[in-house]
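One structure is given here, and the rest of the page talks about it.
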Amino acid sequence: MRLRMKGTPYKMRWRAKELSLALIILVCTTIFILTWDRSPTLTSTLPSKNQLQLSPEYRDKTVPVDPKTHVKEDISTLTRGEAVNNKEGQHVDKTHSTNTDKSSSDFEEVTIQKKAAKHKHSPKREETNVIESGSDSKLIAETNNVILRGNTSEQEEKSVDHQACDYRKGKWVIDDRRPLYSGHGCKQWLASMWACRMMQRQDFAFEKLRWQPKDCEMEEFEGSKFLKRMKDKTLAFVGDSLGRQQFQSLMCMITASKNSPDVLDVGKDYGLVIPPGGKRPNGWAYRFPSTNTTVLYYWSSTLCDLEPLDILNPQTEYAMHLDRPPAFLRDFLDRIDVLVLNSGHHWNRGKLKANKWIMYVGGKPNTNRRIADMGSAKNFTIHSTLKWLNSQLPTHPHLKAFYRSISPRHFVNGDWNSGGSCNNTIPMSIGKEVLQEESTDQSAASAVKGTRIALLDITALSQVRDEGHISRFSITASPGVQDCLHWCLPGVPDTWNEILFALI
């Protein structure tokens, strides 16, 4: 007799249906997850895991905008306890005129192993432009392809990475691998008036900070990589004493502060010689023979042409041609592959009077009162020079041009000549993160807008580094006068060069 279990076929069919339903749900779930992961629309609704937030003590605090503090130097002074988190309309760069008769020329005296980490892209990231210059992604790709001599796929990858990383946003972090060179050892290139290790300063925690961009990793700087990337090329800094600091910083970074007797002085090739009756040349140029790489600096604090009105008179006044670029640029642009311009801290009445500069427009003394205002004169000149430079780029396809934003001052309770000071020595005491969406230096952003010139935007990240200035330890300033304009080296300008290296 065969025994049959009652209901067995029904139960088997029901379990088969349950199994089929479970498989269908599993397949649908898998497809949904894959679609969610790949869809920018869906992922944009998720919070970014890499998003950096201000700590509670700094959250919702912004850079104060006080037009009265912007006189002469374009950028206001941060007070302790503030972080940079600018929103639209909270810009700090509006130059105002001043009738100060004195000049801060004490601060302007001229003396002359890691592999690059891959970028970690946030799922929420939509804006990918590195610069605020109005240039499109195609232009950035083209300029990177000019400088980088690798294969096409590597060039394309680097171009995409550079666009994806907004180096303006990020935070300062402690890194025991810093500094990148020795302030004691880099005597060959570093002026003693900027080498804080050679002064009486005792705290050097500021040397241990590294800039960490938001949502990505910045390429590690190595001198050998820089020289290889700049093989048979010339990099030129043209600007004021802050530009000279960036130049000296880069020379120390390339050589790792080691004595380099093989580096050639080629200043004569660029007319950088001591003029008759002068104390120093208008710049310096050095060539690394191993890769035929030249790095130079030319002093042009206002980025306009200066012409003696009486060449035979040692006390002559100078025509300051606001609508004419420096003669150095006109003469040597063909020989430059990477150009970094800056200006800002000489645009005041005291400087013009001390240097005997007279504003000229159209080949004759300026009579336009609107241009005569210091802020207007500066903007007119910068726009004029950058417009000229942009017009030269089509005939100089090898040239990658940058305009560096203003380097902030940190004078508190006065200016350089009225008891102003910057005594703080504690890193990150006024903040460490920058989360702004637009440049803090609006005049610089405006000047490059619509051009093929990139903005090297260093203002906000430098703004939170008030402890990095030379301060009361200056060996060249008058007694009681502090230098809250220039930076200790090694220091903040090293980061400017790291960003520049990543962009070229």
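Details
- Gyration tensor over alpha-carbon atoms, the range 281-396, equivalent ellipsoid semi-axes in Å: 27, 17, 13
- Restricting the calculation to Cα atoms, the range 438-504 shows an Rg/Rh of 1.07 when the hydrodynamic-style radius is the Kirkwood one.
- Full-stretch length increase - residue 330, residue 426 - with 0.36 nm per residue and alpha-carbon distance subtracted: 30.1 nm
- Full extension of the segment from residue 387 to residue 268, taken as 0.36 nm per residue of separation minus the current Cα-Cα distance, would add 40.0 nm.
- Whether the range 339-419 is rounded, prolate or oblate, judged on the alpha carbon gyration tensor where a/c under 1.5 counts as rounded: oblate
- Modelled FRET efficiency - R0 25 Å, residue 418 with residue 311, Cβ distances, 0.05 increments: 0.10
- Rounded to 0.05, the FRET efficiency of the residue 449 and residue 370 pair, given R0 = 22 Å and the Cβ-Cβ distance, is 0.60.
- With the largest listed first and rounded to whole Å, the semi-axes of the equivalent ellipsoid of the range 375-504 from the Cα gyration tensor are 31, 17, 14.
- Residue-by-residue Karplus 3J(HN,Hα) for the range 307-317, coefficients 6.51, -1.76, 1.60, Hz, glycine and proline x: 9, x, 6, 9, 5, 8, 9, x, 9, 5, 7
- Cβ crowding within 10 Å averaged over residues, with 215-228, 240-253, 390-403 ranked highest first: 240-253, 215-228, 390-403
- Cα-only radius of gyration and Dmax that characterise the range 230-306, units Å: 12.8, 37
- Signed unit charges on C-beta, dipole axis of the range 254-347, positive-most listed residue 276, 261, 345: 261
- Simple spin-label estimate for residue 178 and residue 291 in nanometres, 7 Å along Cα-Cβ: 2.3
- Burial order of peptide ranges 427-433, 164-170, 360-366, 464-470 (average beta-carbon count within 10 Å, highest first): 464-470, 164-170, 427-433, 360-366
Rule-based calculations on the coordinates, nothing more; no lab input. A quick note: this is a predicted structure, and the numbers were derived from the prediction, not measured. A quick note on method: Cβ atoms are made from the backbone with ideal geometry, for glycine too, and the neighbour counts reach across all protein chains shown.
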